[in-house]
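Peer 1: Attaching a single structure in C-alpha cells format; questions to follow.
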Amino acid sequence: MTVVFSPKAAGTRIATLTATANPGGSATAALSGTGLRPAQLNFSPAGYDFGFVPLAKRVSTEIDIINAGQADSGPTTVTVGGPDASFFYAASACTQPVSPTGYCPINVYFQPATSRHYRATLTVTGTPGGTVTVPLNGASPTPAPLTISPATHDFGSTPTSPSSAPPRFT
C-alpha cells in the first residue's frame, strides 16, 4: 500500500490509516504532515528612485529578493527591462534558490546619458517562487548655464594698502 501526502493548504494535517483484511483483522497507523506555504518571492524595497544624478555619473543601490514562503524557491533569474533598460544594470549572484525567510541582494546601477527622466523595471523569476517586478526610476537634471557679470573688471592702479573698493559680481 502506498500513501501520499498532498496538502492543498499550509498547516498541519492528521489522519488515521486503517487497513483491514479477512483473515487478519485490522491495523491502524497515525499519519501527520505539514503543508508549507509555497515560495513567494518579493522585493525589499518594492521600488526605487535614484533621484537626480549628474550626467555620466554611475550610482548604485541594493535591492533584496526575499522569500516570504515556507519552502525554497527555485533558482532565480534577474533581468532589467522597460523603455530605458540600457541605462540601468543589475549585478546579482542570486542564481540559487532562496530559502524560506531568506534573501539575496541585487546591486542595481543607474547611469544617465542625457538630461531627462528614466524608467525601467527589475524582474526576478523563480520556479517555484513566481515572478516579481519592481519599478526603477532616475533622472538627470538639465545643467544650468553659469555666467558672471560683468565678464571683465579692471582694478586699475591700486596702492598696496588700503585695498581697492570691492566690485560687485553677479
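Peer 1: Output the residues belonging to segment 95-153 that are in a strand (DSSP E or B), of a type in the set (S, T, N, Q) and touching a Lys or Arg at 6+ places or on another chain (Cβ under 7 Å).
Peer 2: ASN137
Peer 1: Still on this structure, please answer the following. In a loop (DSSP other than H, G, I, E, B), under 30 Å from THR101 (Cα atoms) and either touching a residue at least 40 places away in the same chain (Cβ under 8 Å) or under 36 Å from the mean Cα position of the chain (by Cα) (or both) - does that describe any residue in segment 48-63?
Peer 2: For segment 48-63, residues in a loop (DSSP other than H, G, I, E, B), under 30 Å from THR101 (Cα atoms) and either touching a residue at least 40 places away in the same chain (Cβ under 8 Å) or under 36 Å from the mean Cα position of the chain (by Cα) (or both): absent.
Peer 1: Evaluate segment 64-79: report whether one residue or more is outside any loop (DSSP other than H, G, I, E, B) and over 30 Å from GLY35 (Cβ atoms).
Peer 2: yes
Peer 1: Restricting attention to segment 127-168, which residues are open to solvent by less than 60 Å² (accessible area, probe 1.4 Å), closer than 20 Å to TYR103 by Cα and out of contact with any Asp or Glu (no Cβ under 9 Å at 6 or more places or on another chain)?
Peer 2: GLY130, VAL132, VAL134
Peer 1: Condition first: charged (D, E, K, R), modelled with pLDDT of 95 or more, closer than 30 Å to PRO141 by Cα and open to solvent by 40 Å² or more (accessible area, probe 1.4 Å). Can you find one or more residues in segment 63-84 that meet it?
Peer 2: No: segment 63-84 contains no residue that is charged (D, E, K, R), modelled with pLDDT of 95 or more, closer than 30 Å to PRO141 by Cα and open to solvent by 40 Å² or more (accessible area, probe 1.4 Å).
Peer 1: Just give me the residues in segment 20-50 being among the aliphatic types (A, V, I, L, M) and surrounded by 12 or more Cβ atoms within 10 Å (Cβ to Cβ), in sequence order.
Peer 2: LEU31, LEU36, ALA39, LEU41
Peer 1: Answer yes or no: is there a residue in segment 133-141 that is polar (S, T, N, Q), farther than 25 Å from PHE52 by Cβ and at pLDDT 90 or above.
Peer 2: No: segment 133-141 contains no residue that is polar (S, T, N, Q), farther than 25 Å from PHE52 by Cβ and at pLDDT 90 or above.
Peer 1: Name the single residue that is nearest to the chain's Cα centre (by Cα) among those in segment 1-19 being part of a strand (DSSP E or B) and surrounded by 10 or more Cβ atoms within 10 Å (Cβ to Cβ).
Peer 2: Here the residue is GLY11.
Peer 1: Touching a residue at least 12 places away in the same chain (Cβ under 8 Å), open to solvent by 90 Å² or more (accessible area, probe 1.4 Å), touching an Asp or Glu at 6+ places or on another chain (Cβ under 9 Å) and basic (Lys, Arg), is that true of ARG119?
Peer 2: So ARG119 fits the description; yes.
Peer 1: Here is a follow-up. Looking only at segment 20-41, count how many residues are over 18 Å from GLY69 (Cα atoms) and assigned to a loop (DSSP other than H, G, I, E, B).
Peer 2: Number satisfying all stated conditions: 3.
The values are calculated or read from the model by the stated rules, or taken from the named source; none is laboratory data. All values reported here derive from a predicted model rather than from experimental measurement. Every residue, glycine among them, receives a Cβ derived from its backbone with ideal geometry; neighbour counts consider all protein chains shown. Protein only, heavy atoms only, side chains kept; ligands, DNA and RNA dropped before computing areas. Shrake-Rupley method; radii C 1.70, N 1.55, O 1.52, S 1.80 Å.
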